[in-house]
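Participant: Can you read through this structure? Questions will come right after.
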Amino acid sequence: MSVNAGEKVGLVGPNGAGKSTIFRMVVKEEEPDGGNVNIDRGVTVGYFSQDVGEMSGQTVVEETMAGAGEVSEVKKELFELEQAMADPARADELEAIIERFGTVQARFDELDGYALEARAREILAGLGFRPAVVDDDVGKLSGGWKMRVALARILLMRPDLLLLDEPTNHLDIESIIWLESFLRAFEGALVITSHDRELLNRLVTKIVEIDGGDLTTFSGNYDFYEQQREIAAAQAEAQYARQQAMLAKEKAFIARFKARASHAAQVQSRVKKLEKIDVVEPPKKRRVIEFDFRQPERSGEDVAKFEGVYKAYGDHVVYAGLDFLIRRKERWCVMGVNGAGKSTLLKLVAKASKPDKGEVTVGASVKLGYFAQHAMELLDEKDTVIEHLQRNFAHANIGTLRTLAGAFGFTGDDIDKSCRVLSGGEKARLVLATMLFDPPNFLVLDEPTNHLDMDTKDILVKALSNFEGTMLFVSHDRKFLGALSNRVLELSDGDVRTYGGGYTEYVAESGHEAPGVG
């Protein structure tokens, strides 16, 4: 594969295909066993991975600036030279120090260093940091927010080549939309892996697929790549079928006439012809297992009701008298900026939190299933995947549970993996599989697509499209929002607005893809 100056490339492929390995080889964290990875002289590379390392002892903005590559190193040297110029003990070196200061200052100016802090604050704001947090200790942040700091550092660096490995995993929809516009304006080259189809469609002009050790390049965005892949797969299938038919015909002729002396020359000629043929390999097929989810029992017409709900955290008032009704078969997606109370709304419905005033009631015959952002932490680490499913569904036969596991990406020996070693995405898939096997009639989902790859998201969207119950959910995935919602609840500065159509109609009517985005 090659990446040219200014090019925006999406790197795609199944989990475990080697996408992150390609990044690590580019930044020399790994060496290839054969072949070369060449980078033009003088090209600076910024690499964002999911492994952020330790962060503490500095403010968020200081931590962001400290990791911004050359510009942060030049800033540090400039500060040391200023100290040296003011040090009487180094008076005899003053001329050399001043000369070096001039060189370093010119480079700092060239790198736009004097605007560094302003740019850092702008990037952090774009990634959802409130001003008070920016000047507070970075060590107080959760792992997800530290990921955002690590991403801010790389963006501030403004390298010639930007490598982003799943940058949207810990971002909300506002931050994803901001990142999308930042990367569109970015003048360097970009290679990105992401499970966000919309982001890839709007951003990249080239897709490189890695699968089974092979790299294939497609010009265009993600949708175009999918179309081309389907066409290529159909052509490969047809070519294989044609050759198999021809080989069967020739072998049948040889078998029929090999004993006849009158046909000896023809038989020999066809044997030689077969020996020279390059046999086409059977095309690789992607396994997509589908699972037929059972429909839930019918609930009453009023599924959940908020009456005069007041909720505050300290001085921060989330709701001041919220009235809201969810009726059967409605699919509400909840939109709102950070701190608007999206997850709080879901917790109140699921009884994971209580209102300070007012009442939240769930209707008659409602069986509620709640997928929380911390749901993965509730898995028993001693269980394997199949043991977890058997523990939850003791009456189901093993074949049914294997099919269920397969539909959510656990094939072959994967079902014997311990929950302790599962990745975030695998844990999310297992929790969703458990929830949907015997589905509740009211699904409350808080970011269910976090860490899920595109194939699993597609399976989930397909399963939920046919779901006959009621849904209330928060998601940062625009395809998921558009495919599944038929109502929108927008929370903004204590204000509540409802929209009668789904997410697509909401975007058209409100003029924005998310609150707080112009």
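Each value in this text was obtained by applying a stated rule to the coordinates, not by laboratory testing. What you see is a predicted model, and the numbers here were worked out from it, not measured in a lab. Reconstructed Cβ throughout: ideal geometry from the backbone, glycine too, with neighbour counts over all protein chains shown.
Participant: Testing the spin-label approximation: label points 7 Å from Cα along Cα→Cβ at residue 245 and residue 227. State their distance in nm.
Facilitator: Reported label-point gap for residue 245 and residue 227 is 2.8 nm.
Participant: Place a +1 charge on the Cβ of each Lys and Arg in the chain and a -1 charge on the Cβ of each Asp and Glu, then give the dipole magnitude about the Cα centre in debye, rounded to the nearest 20.
Facilitator: Numbers: 64 positive and 82 negative charges, 692 e Å.
Around 3320 debye, computed over the chain.
Participant: What percent do you get for the relative contact order of region 156-273 when only Cα pairs under 8 Å and 6+ apart count?
Facilitator: Relative contact order here is 16 percent.
Participant: Describe numerically, in nm with one decimal, the distance between label points set 7 Å from Cα along Cα→Cβ at residue 73 and at residue 382.
Facilitator: If labels sit at residue 73 and residue 382, their model points lie 5.1 nm apart.
Participant: Considering amide H positions built from the backbone, and no H for Pro or chain starts, which residues 5 or more places from residue 335, or on another chain, come under 5 Å of its amide H?
Facilitator: Under 5 Å from the amide H of residue 335 lie the amide H atoms of 489, 490, 491, each far enough along the sequence or on another chain.
Participant: Region 452-472 to region 126-201: how many Å between their Cα centroids?
Facilitator: Between the Cα centre of region 452-472 and that of region 126-201, the gap is 27 Å.
Participant: Report the Cα-based extents of region 1-90 along its three principal axes, largest first, to the nearest Å.
Facilitator: Largest first, region 1-90 extends 60, 31, 27 Å along its Cα principal axes.
Participant: What does the C-alpha gyration tensor say about the overall shape of region 23-176? Classify as rounded when a/c is under 1.5, otherwise prolate if a/b is larger than b/c, or oblate.
Facilitator: Taking the square roots of the gyration eigenvalues as a ≥ b ≥ c, region 23-176 is oblate.
Participant: With all pairs of different alpha carbon atoms counted, what Kirkwood hydrodynamic radius in Å does region 191-349 show?
Facilitator: Numbers: mean 1/r = 0.0430 Å⁻¹.
That comes to 23.3 Å for region 191-349.
Participant: Students often get this wrong, so check it: of 146/357; 329/357; 75/342; 19/285, which have C-alpha atoms separated by over 30 Å?
Facilitator: Where the Cα-Cα span goes over 30 Å, the pairs concerned are 146/357; 75/342.
Participant: Take residue 66, project a point 7 Å from its Cα along the Cβ direction, then tell me which residues of region 135-157 have their backbone nitrogen under 11 Å from it.
Facilitator: 138-139
Participant: Further, regarding this structure: Expressed as a fraction of 2.2 N^0.38 Å, the rule-of-thumb size for a compact globular protein of N residues, what is the C-alpha radius of gyration of the chain?
Facilitator: Details: Rg = 28.8 Å, N = 518, 2.2 N^0.38 = 23.7 Å.
Rounded to two decimals, the normalised Rg is 1.22.
Participant: Sticking with this structure for a sec: In deg cm²/dmol and to the nearest 500, what is the mean residue ellipticity at 222 nm of the chain if only DSSP H runs of at least 4 residues count, each as -39500 (n - 2.57), divided by the residue total?
Facilitator: -13000 deg cm²/dmol
Participant: Do any trypsin sites (Lys or Arg not before Pro) in region 231-339 lie in a loop, going by DSSP, with at most 11 other beta-carbon atoms within 10 Å of their beta carbon, and if so which?
Facilitator: Loop-located and lightly packed - 260, 284, 285, 286, 287, 294.
Participant: Of 47, 319, 114, 222, how do they rank once you tally other Cβ atoms within 10 Å and put the fewest first?
Facilitator: Placing the least packed residue first, the sequence is 114, 47, 222, 319.
Participant: Express in % the proportion of alpha carbon pairs of region 190-284 at distances exceeding 21 Å.
Facilitator: Of the Cα pairs, 54 percent sit more than 21 Å apart.
Participant: For residue 323, put the label point 7 Å out on the Cα→Cβ axis and report which residues of region 337-371 keep their amide N under 17 Å from it.
Facilitator: Within reach of a label on residue 323, which here means backbone N under 17 Å from a point 7 Å along Cα→Cβ, region 337-371 contributes 357-361.
Participant: By how many nm would the segment from residue 80 to residue 140 grow when fully extended, if each residue of separation counts as 0.36 nm and the alpha-carbon distance is taken off? Mind showing how you got there, number by number?
Facilitator: On the way: separation 60, 0.36 × 60 = 21.60 nm, distance 2.88 nm.
So the extension gain works out to 18.7 nm.
Participant: What is the distance, in nm, between label points placed 7 Å from the Cα along the Cα-to-Cβ direction at residue 361 and at residue 44?
Facilitator: 6.2 nm
Participant: On full extension of the chain, what length is gained from residue 214 through residue 493, given 0.36 nm per residue of separation minus the C-alpha to C-alpha distance?
Facilitator: Extra length from residue 214 to residue 493 when fully extended: 95.4 nm.
Participant: In whole Hz, what ³J(HN,Hα) sequence does region 38-43 give by Karplus (6.51, -1.76, 1.60; θ = phi - 60°), x for Gly and Pro?
Facilitator: Along region 38-43, the couplings run 10, 10, 4, 4, x, 7 Hz.
Participant: Here's something else I'd like to know. Taking all pairs of distinct Cα atoms, average 1/r, flip it, and tell me the Kirkwood hydrodynamic radius of region 323-440 in Å to one decimal place.
Facilitator: 16.4 Å
Participant: What is the Cα centroid distance between region 7-25 and region 330-400, reported in whole angstrom?
Facilitator: Cα centroid to Cα centroid, the span is 33 Å.
Participant: Assuming 0.36 nm per residue, please report the length gained on full extension of the stretch residue 330 to residue 266 beyond their Cα-Cα distance.
Facilitator: Once the chain is fully extended between residue 330 and residue 266, it gains 15.9 nm.
Participant: When only DSSP loop residues count, what GluC sites (Glu not before Pro) in region 50-159 have their Cβ near at most 16 other Cβ atoms within 10 Å?
Facilitator: 54
Participant: Which value results for Rg/Rh of region 388-518 when Rg is the Cα radius of gyration and Rh the Kirkwood radius based on the inverse mean 1/r? Please list the in-between numbers first.
Facilitator: On the way: Rg = 17.1 Å, Rh = 16.5 Å.
That ratio is 1.04, to two decimals.
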